[in-house]
1. Residue 133 fails exactly one of the following numbered conditions: (1) in contact with a Phe, Trp or Tyr (Cβ under 6 Å, 6 or more places away or on another chain); (2) farther than 18 Å from residue 2 by Cα; (3) not hydrophobic (A, V, I, L, M, F, W, C). What is the number of that condition?
2. Between a first residue in the stretch 91-107 that is without any contact (Cβ under 8 Å) to a residue 12 or more places away in the chain and a second residue that is part of a strand (DSSP E or B) and not small (Gly, Ala, Ser), which pairs have beta carbons less than 9 Å apart while being 6 or more apart in sequence or on different chains?
3. Taking residue 121 and the conditions (1) within 27 Å of residue 27 (Cα to Cα); (2) in contact (Cβ under 8 Å) with a residue 40 or more places away in the chain, which numbered condition does it fall short on, given that it satisfies the others?
4. For the stretch 165-175, name all the residues that are surrounded by 17 or more Cβ atoms within 10 Å (Cβ to Cβ) and either of a type in the set (Gly, Ala, Ser) or free of Cβ contacts under 8 Å to residues at least 40 places away in the same chain (or both).
5. Look at the stretch 73-90 and say how many of its residues are in a loop (DSSP other than H, G, I, E, B), over 17 Å from residue 103 (Cβ atoms) and not hydroxyl-bearing (Ser, Thr, Tyr).
6. Any idea which of (1) surrounded by fewer than 14 Cβ atoms within 10 Å (Cβ to Cβ); (2) outside any loop (DSSP other than H, G, I, E, B); (3) among the charged types (D, E, K, R) is the one residue 70 doesn't satisfy?
7. Could you tell me whether any residue of the stretch 85-92 is out of contact with any strand residue (DSSP E or B) (no Cβ under 9 Å at 6 or more places or on another chain) and among the small types (Gly, Ala, Ser)?
8. Pick from 96, 103: which is within 24 Å of residue 46 (Cβ to Cβ), surrounded by 14 or more Cβ atoms within 10 Å (Cβ to Cβ) and touching a helix residue (DSSP H, G or I) at 6+ places or on another chain (Cβ under 8 Å)?
Amino acid sequence: MRICIFCGSKHGDLPAYAKAAAELGRMLAQQQIGLVYGGASVGLMGVIADATLRAGGDAIGVIPQSLVEKEIAHPDLTQMHVVSGMHERKALMADLSDGFIALPGGIGTLEELFEIWTWAQLGMHNKPCVLLNVADYYGQLVEFLDKMTKAGYLKESSRSMLTIASNPVEAIAACSH
C-alpha cells in the first residue's frame, strides 16, 4: 500500500506542522505503507520524506523538471520520478497511490487535494481523500466546505468523500478502510 501526501515546501509558522509530518512519516514506515509525495527535500515535504526513510520506509518522489532546483529535489529517496510538468506529476502521484492525505501547505497543496477529491467525485477513482487538520490549520476551510454543502453547491455525498482527521493516526486509519 502507498499513500500520497500533499504538503508544503515550507515549514509554516507552527512547530506542530513539522511534528505531525514527522510522526506521519514514521507511522507510514512502521506500518509498511509507502510514501508518495512531491519529491522535495525542503519544508514539510522534506520532513515527511526524511522521517519515512529514517524509519526504514519507502519514499517515492514525483517532481517536475522545472522544480528540481527550486524545490530542491530530495537526493536519497527510494525512487524519484522527474516528470515534464504539474499535470503529469499529479497523474503519476495518483496512479502510484492508494489514498491521499493533505498536511498543511499553500495553494499548491490545496490545488492537489481539490483536484484529487474532484476526481473521486467524478468517479475517476474511489481512493480515500483525507484532510489532516493539524493545529486547526484547515478549520476555516472545513467550515467553508460545510457552508458550501448547506448552500447546495456541494452535495453531501461529495462532502463525505473528504475525511477530516485531527492527527496522523486518524489520517492513516481513514486511508486503510
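1. Only one criterion is unmet by residue 133, namely (1).
2. Partner pairs satisfying both residue conditions: 91/83.
3. Every listed condition holds for residue 121 apart from (1).
4. Initial filter on the stretch 165-175 (surrounded by 17 or more Cβ atoms within 10 Å (Cβ to Cβ)): 165, 168, 171-172, 174-175.
Of everything in the stretch 165-175, those that are surrounded by 17 or more Cβ atoms within 10 Å (Cβ to Cβ) and either of a type in the set (Gly, Ala, Ser) or free of Cβ contacts under 8 Å to residues at least 40 places away in the same chain (or both) turn out to be 165, 171, 174.
5. Applying the first criterion (in a loop (DSSP other than H, G, I, E, B)) to the stretch 73-90 yields 74-78, 84-85.
From the residues that got through so far, the ones that are over 17 Å from residue 103 (Cβ atoms) too are 75-78, 84-85.
Next, from what is left, pick out any that are not hydroxyl-bearing (Ser, Thr, Tyr): 75-77, 85.
Counting residues in the stretch 73-90 that are in a loop (DSSP other than H, G, I, E, B), over 17 Å from residue 103 (Cβ atoms) and not hydroxyl-bearing (Ser, Thr, Tyr) gives 4.
6. Here residue 70 meets the rest and fails (2).
7. Within the stretch 85-92, not a single residue is out of contact with any strand residue (DSSP E or B) (no Cβ under 9 Å at 6 or more places or on another chain) and among the small types (Gly, Ala, Ser).
8. Values: 96 fails: touching a helix residue (DSSP H, G or I) at 6+ places or on another chain (Cβ under 8 Å).
On inspection, the qualifying residue turns out to be 103.
Bear in mind these aren't lab numbers, they're just calculated from the coordinates by the rules spelled out. This is a predicted model, so every value here is computed, not measured. In this analysis, Cβ positions are derived from the backbone assuming ideal geometry, glycine residues included, and neighbour counts consider all displayed protein chains.
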